[in-house]
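This report concerns only the one structure given below.
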Amino acid sequence: MRYIFFVLLFLLHFDYACASAIKQTWTEEVHLEKNEIPYSIFSIQLKIDTNNKVEGELCSIVNYGNKIDCPIPFVSKLINNEIEVHFDSTFGGKMV
């Protein structure tokens, strides 16, 4: 396993993020050749509290489900509308 450096940049207004807690899930699916089954799925779940503490989970499924890397829990802090997340991947990815 290699250590992966992952940075998420959010277009949230900083004052809004400080004023209320946020809980959101984003999912991206990639379909190849008009196949009903997605080739890959990436999802991220985030909870940001009023103190800008971030807790979440990443999930990556590729090759029609033959490679699954989830759940990957993480904890971070929202600073200047950015969240820096470090995690280990079972895919053996390279440092990004």
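The values are calculated or read from the model by the stated rules, or taken from the named source; none is laboratory data. Please read these numbers as outputs of a predicted model, since none were measured by experiment. Note that we place each Cβ from the backbone using ideal geometry, even for glycine, and neighbour counts take in every protein chain shown.
If you take the residues of the stretch 31-55 that are within 20 Å of ILE72 (Cα to Cα) and hydrophobic (A, V, I, L, M, F, W, C), which of them is nearest to the chain's Cα centre (by Cα)?
ILE44
Would it be correct to say that ILE37 is of a type in the set (Val, Ile, Thr), surrounded by 14 or more Cβ atoms within 10 Å (Cβ to Cβ) and modelled with pLDDT under 95?
Working: of a type in the set (Val, Ile, Thr): yes; surrounded by 14 or more Cβ atoms within 10 Å (Cβ to Cβ): no; modelled with pLDDT under 95: yes.
Taking the combined requirement at face value, the residue does not satisfy it.
Collect the residues in the stretch 60-72 that are crowded, with 16+ Cβ neighbours inside 10 Å and either of a type outside the set (Gly, Ala, Ser) or free of Cβ contacts under 8 Å to residues at least 24 places away in the same chain (or both), keeping them in residue-number order. Before you say what the answer is, go through the steps one by one.
Here is the first cut: in the stretch 60-72, the ones crowded, with 16+ Cβ neighbours inside 10 Å are 60-62, 69, 72.
Passing the criteria: ILE61, VAL62, ASP69, ILE72.
Out of (1) at pLDDT 90 or above; (2) in a strand (DSSP E or B), what's the single condition that is false for ILE83?
It is condition (1) that ILE83 fails.
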